[in-house]
Amino acid sequence: MNQFKFRKVRNKLFLFSLSIAAVVCLAPLIMVTSFMLQKGAASLDLDFFTKLPVPVGEAGGGMLHAILGTIYMVTLGSLMAVPLGLIGGIYLSEYGKGGISKALRLATDVMTGIPSIIIGIFAYILLVVPFKSFSALSGAVALAIIILPVVIRSSEEILKLVPKHIREAGLALGLPRWKVILFIIVRGNLSALFTGVMLAIARASGETAPLLFTAFGNMYLSYSPMEPMASLPVQIYTYAISPFEDWQRQSWAGAFVLIILVIGVNLGARFLMNPKALKNFLKRSSS
Amino acid sequence: MTSKKNVLEVKNLQAWFGKFHAVKGVSTDYPEKSITAIIGPSGCGKSTYLRCLNRIHEEVPGARSSGQALLLGQDIFAPEVDPVELRQNIGMVFQKPNPFPALSIFENVVVGLKLQGIKNKAKLLETAERCLRKAALWEEVKDKLHQQGTSLSGGQQQRLCIARALAVNPPVLLMDEPTSALDPIASAKIEELMQDLKEDFTVIVVTHNMQQAARVADYTSFLMLGELVEHGPSEIIFTNPKQSKTEDYITGRFG
Ligand SMILES: Nc1ncnc2c1ncn2[C@@H]1O[C@H](COP(=O)(O)OP(=O)(O)OP(=O)(O)O)[C@@H](O)[C@H]1O
Ligand SMILES: [Mg+2]
């Protein structure tokens, strides 16, 4: 009986220390978001979404150009990286035994570890130097290089989780391997693949360093891929280190919008392909 | 019975997993429109043998096989044979239920036809109903054809996989313990299905259920440690086997 009590106490203690650890892990996230919510929400106004910057020193204006620029470059970068990344991931999981796959796997691992500023420099040398101009295109390429390895590895891991007997069942129906892969394995895991892609895109949309020497930034609306283009992270950075109070205020607002954007993409990815999860989530938060 | 043509003639079939010799030279003839049962202790190589016959065995890393299996006179292991085409003619129900994830019950049944290019909705629906009825699942799922196949119970999933294999309409059907997860009523329906199939097709079924083998199979093979101990008409294997090992096994003295 005594021993039983002791075991119960020990159990409680263990659970307690784990809960403390979990709270410690969550604390930075909660602090950052609540801080941003306070500071950012207070600085936010409608102009922020609808207006362009005003001349230095004047109050007012907004970041419409940077919001559109981020969407523009992230979309362009995703268009380049996502199809390629999915193909790479499928290749690695389905045919990934030979030397090419080993090399590809190593390359993606290394690429995930490269600091994003280096990727920015790479895109600078590749596209900015030859064209003698900062450009949205070079920014999109830098973002694509960040997205690519994440998509490759996440889709590989997802598809590798599909048990062998599912592939065998497909083959046993007399289907060629590529049909089994595309229409049974990939099709059966679309939602997980989609989530992986969206997480990669969300990560890239918050990157500042790769855009500093590539898209660079500007103060007006631009839709040309060959010209400099503003983005939220760079605009936040520029405004935050400026001496003007109103710019600093807008920087907070920008940070707030960026966080909401990233969290939104994250949650959206989870729910869009999995309506059941959304229903559960709503039920939980309403009760 | 002896006048029947052989659909499948297996000659000295061997199979390995790496260095492990799992099937050690099995030779058997399978007459058309017949049911053959394969019995034997767990781990003796029944599944491996069956999986050689639709060339799924070679999909396992490190696995290989040798020997011949003549399907209507053509060796299925010959280099010019396309395993994809072969598997359209030799269907399989696996030992473990393996419905496709994220596909509905309906899609699970017709996916083979659909991916072979059949798009006619009415024909697909008709096939799905026919095959689900034959697999004794229709009544349970007819109101929820668009739910995921993986949402069914284990035994229902197994019947779904049977329906899926039937939909492709293969002249030879391999069934690896199709009823081991089923209740007696569903089992009886599957046995009925096998009798039905026999009208046109050739069935090879692995089972641990001696009564089942004796009931449905025209012929029975007894496998032990990868070797074919005895093969013959079921009534002889179950009443008057030549080998003492067979007799020991079917009377439950070991295994
Ligand atoms: N993937 C594998 N790799 C290595 N060895 C294997 C593999 N699959 C099966 N084996 C071995 O091959 C032998 C035959 O296995 P098999 O699955 O054919 O047996 P079985 O007769 O179907 O048994 P059961 O009645 O339990 O299903 C066993 O000894 C098993 O350990
Ligand atoms: Mg088996």
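Summary of computed values
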item	result
Within the range B:135-178, tally of residues that are within 22 Å of B:Leu113 (Cβ to Cβ) and in a loop (DSSP other than H, G, I, E, B)	14
Single condition A:Glu156 does not satisfy, out of (1) crowded, with 22+ Cβ neighbours inside 10 Å; (2) among the charged types (D, E, K, R); (3) within 14 Å of another protein chain (Cβ to nearest Cβ)	(3)
Unmet criterion (only one of (1) closer than 15 Å to A:Val82 by Cα; (2) at pLDDT below 95; (3) β-branched (Val, Ile, Thr)) for A:Ile114	(1)
Tally of residues being touching a Lys or Arg at 6+ places or on another chain (Cβ under 9 Å) and either among the β-branched types (Val, Ile, Thr) or within 21 Å of A:Ser191 (Cα to Cα) (or both) across the range B:105-114	6
Meets criteria (under 30 Å from A:Gln248 (Cβ atoms), under 15 Å from the mean Cα position of the chain (by Cα) and surrounded by 22 or more Cβ atoms within 10 Å (Cβ to Cβ)) for A:Ala142	yes
Conditions (1) within 16 Å of ligand 2 (Cβ to nearest atom); (2) in contact with a His (Cβ under 9 Å, 6 or more places away or on another chain): number failed by B:Ser27	(1)
Pick from the range B:55-73, criterion touching a residue at least 60 places away in the same chain (Cβ under 8 Å) and not small (Gly, Ala, Ser), ranking: farthest from ligand 2 (Cβ to nearest atom)	B:Leu72
A:Phe271 vs. criteria modelled with pLDDT under 90 and within 17 Å of A:Lys51 (Cβ to Cβ)	no
In the range A:25-50, the residues that are closer than 21 Å to A:Asp246 by Cα and either among the polar types (S, T, N, Q) or surrounded by fewer than 15 Cβ atoms within 10 Å (Cβ to Cβ) (or both)	A:Phe35, A:Leu37, A:Gln38, A:Ala41, A:Ala42, A:Ser43, A:Asp45, A:Leu46, A:Phe49, A:Thr50
Hits in the range B:115-127 - residues which are buried (at least 18 other Cβ atoms within 10 Å of the Cβ) and of a type outside the set (A, V, I, L, M)	B:Thr127
Single match in B:Gln157, B:Gln147 (criterion: surrounded by fewer than 17 Cβ atoms within 10 Å (Cβ to Cβ), within 14 Å of chain A (Cβ to nearest Cβ) and in contact with a helix residue (DSSP H, G or I) (Cβ under 8 Å, 6 or more places away or on another chain))	B:Gln147
Any chance B:Leu125 is part of a helix (DSSP H, G or I), out of contact with any strand residue (DSSP E or B) (no Cβ under 8 Å at 6 or more places or on another chain) and more than 16 Å from ligand 2 (Cβ to nearest atom)	yes
Any strands (runs of 3 or more DSSP E) falling wholly within the range B:25-96 and containing at least 3 residues that are more than 16 Å from ligand 1 (Cβ to nearest atom)	B:63-71
Residues within the range B:40-54 that are out of contact with any Gly (no Cβ under 9 Å at 6 or more places or on another chain) and within 13 Å of ligand 2 (Cβ to nearest atom), tallied	4
Every residue from the range B:62-95 that is exposed (fewer than 14 other Cβ atoms within 10 Å of the Cβ) and within 8 Å of another protein chain (Cβ to nearest Cβ)	B:Glu85
Residues being at the interface with chain A (Cβ under 8 Å from one of its Cβ atoms) and closer than 12 Å to B:Arg164 by Cα - total across the range B:104-116	2
In the range A:112-136, the residues that are touching a residue at least 24 places away in the same chain (Cβ under 8 Å), surrounded by fewer than 16 Cβ atoms within 10 Å (Cβ to Cβ) and part of a helix (DSSP H, G or I)	A:Thr112, A:Ile117, A:Phe131
Some residue of the range B:154-174 being touching a residue at least 40 places away in the same chain (Cβ under 8 Å) and among the charged types (D, E, K, R)	yes
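Residue by residue, here is whether (1) under 30 Å from A:Glu168 (Cβ atoms); (2) part of a helix (DSSP H, G or I) holds:
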{"position": "A:Pro55", "(1), (2)": "no, no"}
{"position": "A:Ala59", "(1), (2)": "no, no"}
{"position": "A:Thr75", "(1), (2)": "no, yes"}
{"position": "A:Ile87", "(1), (2)": "yes, yes"}
{"position": "A:Ile90", "(1), (2)": "yes, yes"}
{"position": "A:Val110", "(1), (2)": "no, yes"}
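The values are calculated or read from the model by the stated rules, or taken from the named source; none is laboratory data. None of these values were measured; they are calculated from a predicted model. As a convention, Cβ positions derive from the backbone with ideal geometry for all residues, glycine included, and neighbour counts pool all protein chains shown.
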